[in-house]
Amino acid sequence: MTLAMRLKAGDTLFTAWSGVPDALTVELMAAQGFDAVTLDMQHGGHHEDSVLRAILPIQKAQKPAIVRIPVGRFDMASRALDFGAEAVIAPMINSVADARAFGLAMKYPPMGQRSWGPTFGFPRHGKGDFAEWLAESNARTMAIAMVETREALDCLDGILETPGIDGIFVGPSDFSIAWSRGRTVDTKLEDMMQAIADIGKRTRQAGKAAAIFIVDPGMTGRLAKMGYQLFAGGSEGALMSRGAASLLGEARQSLDAK
Ligand code: 3PY
Ligand code: MG
């Protein structure tokens, strides 16, 4: 089942968040219990070449590869799909015009203007027929627009109605900066939770997927009740520090017990 199918079926999914631009590291991440792996080109170290190489080990692990492009790089959105990504997350979609440009880059005609040339994506998905691939592509690839400003919230209905947009991804750090008018960055800011709940609910009512970044995994249950289904978190740094703390804690405890 594709990522799009699983989300439509109502599954709750977790994607790891890779920022180390190295296919061997991504291979290790893809072997963990996450449902998908996201390669972050906005704030992480991933670049065109690392995305091209790192999608392969994710597919080998039979998981969907997701790419977060840098702000406004809709050319890269099409390239990520050509390399075999199943979904692209576009940051700072702050207007219907931004959403439209993103949707056009992600979908083949007549819905969009994506140019043909899945040089790596086609053989990597093991497909044998171009026409079949063309017919399936718009439905199997997801354009996920990030809502992380007050402007984006103001035009949420327009973004949700934009052809080609399959889901919304809330960036709670940027959203908290916008919400507090630059006073703080805090993904647990209580007075923005009503707005976060409203985004989740309206996105699901529109029949689209609702995703969010989780800094504190303990928030997941609360966010799931708001309609969020796809949770992103677990960078290499976060996984290493949690893993190291747990391993060393256990080992030192056993020394104390001897
Ligand atoms: C945010 O929280 O602003 C994000 O973009 C998550 O990565
Ligand atoms: Mg952000």
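Select from segment 111-150 the residues that are part of a loop (DSSP other than H, G, I, E, B) and open to solvent by less than 30 Å² (accessible area, probe 1.4 Å) and write down the one among them that is farthest from residue 203 (Cα to Cα).
This residue is 117.
Let me spell it out: the conditions are (1) in contact with a strand residue (DSSP E or B) (Cβ under 6 Å, 6 or more places away or on another chain); (2) not in a loop (DSSP other than H, G, I, E, B), and residue 198 meets all of them except one. Which number is the exception?
So residue 198 meets the others, but not (1).
In the set 245, 224, which member is exposed (fewer than 12 other Cβ atoms within 10 Å of the Cβ) and either at pLDDT below 95 or of a type outside the set (S, T, N, Q) (or both)?
Just one listed residue meets the conditions, 245.
Would you mind finding the one in 71, 37 that is within 16 Å of ligand 1 (Cβ to nearest atom), closer than 24 Å to residue 137 by Cα and open to solvent by less than 10 Å² (accessible area, probe 1.4 Å)?
37
Just to be sure, is residue 28 touching a residue at least 40 places away in the same chain (Cβ under 8 Å) and not in a strand (DSSP E or B)?
No; evaluated as a whole, the condition is false for this residue.
Can you find, within segment 168-195, the residue that is surrounded by the fewest Cβ atoms within 10 Å (Cβ to Cβ) among those that are more than 16 Å from ligand 2 (Cβ to nearest atom) and not in a helix (DSSP H, G or I)?
181
The values are calculated or read from the model by the stated rules, or taken from the named source; none is laboratory data. Predicted, not measured: the structure shown is a model, and the values here were computed from it. Using ideal geometry, Cβ is built from the backbone for each residue, glycine included, and neighbour counts are taken over all protein chains shown. In case anyone asks, the SASA skips ligands and DNA or RNA and just uses the protein heavy atoms, side chains included. Shrake-Rupley method; radii C 1.70, N 1.55, O 1.52, S 1.80 Å.
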